[in-house]
Amino acid sequence: MSDNAPLRTPSQRIAWTATIIVSTLVFIFLIAPILAIMPLSFSSGSYLTYPLPGLSLRWYDDFLNSPRWMNSLKNSMIIGVASTLLSMVLGTLAALGLAQWKSRFKPLVLAFVLSPVVVPGVITAVGLYFFFAPIGLTGSYLGLILAHTALATPFVVITVGATLQSFDTNLARAAASLGASPLEAFRRVILPLILPGLASGALFAFATSFDEVVIVLFMAGPEQRTLPREMFSGIRENISPTITAAAVILTTVSVILLATLEGLRRRNERLKGGG
């Protein structure tokens, strides 16, 4: 029976229905905390309680007009953009090198490059702290950017490496035979073909940096408080509905990034299908 054939037997229909029900319940379980937080951000009350005493945008106004929250958002954007750009360069170079390297040590090197994704965040944060502290990079923007770059680069390596799996190396050789320099061959031949993977990796890298809090707790000083760090401090010190407004904004950014990523994926599939 083909994959598109209708489900004919009762056992197949039962299995399909059970799969739909279980998937729906899992989805509700995962999305319920977000759905619970969103209405609270529009509450007119000063406490996180249901039912809502009324509707108001006061907490979004408090977020947008608070120097503390705006400074944390600015820090998140600066660190996120800088670490994304740096991880794009390093991740692309690493993916290109690994794609062309033929050695029995390649899996070991790849595992080392991807280790920040596998190792627990607390261990990574402690290791980075003890590595950066002696050279004076803790409590600085540069230290946080480098730390987030180490955390985000593996995502670029994965996405660009996956794109390079279908890359025809003869195209680069043909460009070189026509007189193109290595840099020109990369810019005119390789980069346009790996651009979907590079863009996907950049989105993952930015989302990783923008949402990260553990490394910031270990390495950031008073001037480098990011949005997740500010939310964490607010939950510990003074629970205010402004935190829910910040959470909704953070969630909205993540949804936009995921939607953009899905759009890039579909565009890449259409280009492959057209080719």
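The values are calculated or read from the model by the stated rules, or taken from the named source; none is laboratory data. The structure displayed is predicted, hence computed values, not measured ones. Methodologically, a virtual Cβ is constructed for each residue, glycine included, from the backbone with ideal geometry; neighbour enumeration extends over all protein chains shown. Just the protein is used for accessible areas: all its heavy atoms, side chains included, with ligands, DNA and RNA removed. Shrake-Rupley method; radii C 1.70, N 1.55, O 1.52, S 1.80 Å.
Scan the stretch 223-245 for residues that are within 18 Å of the chain's Cα centre (by Cα) and not polar (S, T, N, Q) and jot them down.
Within the stretch 223-245, Leu227, Pro228, Arg229 meet the criteria.
Screening the candidates Thr124, Thr153 for the property of being in contact with a Ser or Thr (Cβ under 8 Å, 6 or more places away or on another chain), within 20 Å of Thr226 (Cβ to Cβ) and among the β-branched types (Val, Ile, Thr) yields one hit, Thr153. Among the residues making up the stretch 48-85, those that are part of a helix (DSSP H, G or I), out of contact with any helix residue (DSSP H, G or I) (no Cβ under 6 Å at 6 or more places or on another chain) and of a type in the set (A, V, I, L, M) are Leu64, Met70, Met77, Ile78, Val81, Leu85.
Regarding the stretch 226-237, can at least one residue be identified that is at negative phi, aromatic (Phe, Trp, Tyr) and touching a Phe, Trp or Tyr at 6+ places or on another chain (Cβ under 8 Å)? The answer is no; no qualifying residue exists. Of all residues in the stretch 147-192, those that are within 19 Å of Leu86 (Cα to Cα), among the β-branched types (Val, Ile, Thr) and touching a Gly at 6+ places or on another chain (Cβ under 6 Å) total 5. Listed here are the helices (runs of 4 or more DSSP H) enclosed by the stretch 118-224 that have at least 1 residues being within 30 Å of Gln100 (Cβ to Cβ) and open to solvent by 40 Å² or more (accessible area, probe 1.4 Å): 121-132, 141-164, 169-177, 182-185, 191-211. Only a single criterion out of (1) open to solvent by less than 80 Å² (accessible area, probe 1.4 Å); (2) outside any helix (DSSP H, G or I) is not satisfied by Lys102, namely (1). Checked against (1) within 30 Å of Ala202 (Cβ to Cβ); (2) surrounded by 14 or more Cβ atoms within 10 Å (Cβ to Cβ), Pro39 passes all but a single condition, namely (1).
Rundown of residues vs (1) surrounded by 15 or more Cβ atoms within 10 Å (Cβ to Cβ); (2) of a type outside the set (Gly, Ala, Ser); (3) more than 25 Å from Ala246 (Cβ to Cβ), yes/no style:
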site: Pro33; (1), (2), (3): no, yes, no
site: Leu55; (1), (2), (3): no, yes, no
site: Ser72; (1), (2), (3): yes, no, no
site: Ser83; (1), (2), (3): yes, no, no
site: Thr92; (1), (2), (3): yes, yes, yes
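Out of all the residues in the stretch 54-109, which are among the acidic types (Asp, Glu) and in contact (Cβ under 8 Å) with a residue 60 or more places away in the chain? Within the stretch 54-109, Asp62 is the sole residue that qualifies.
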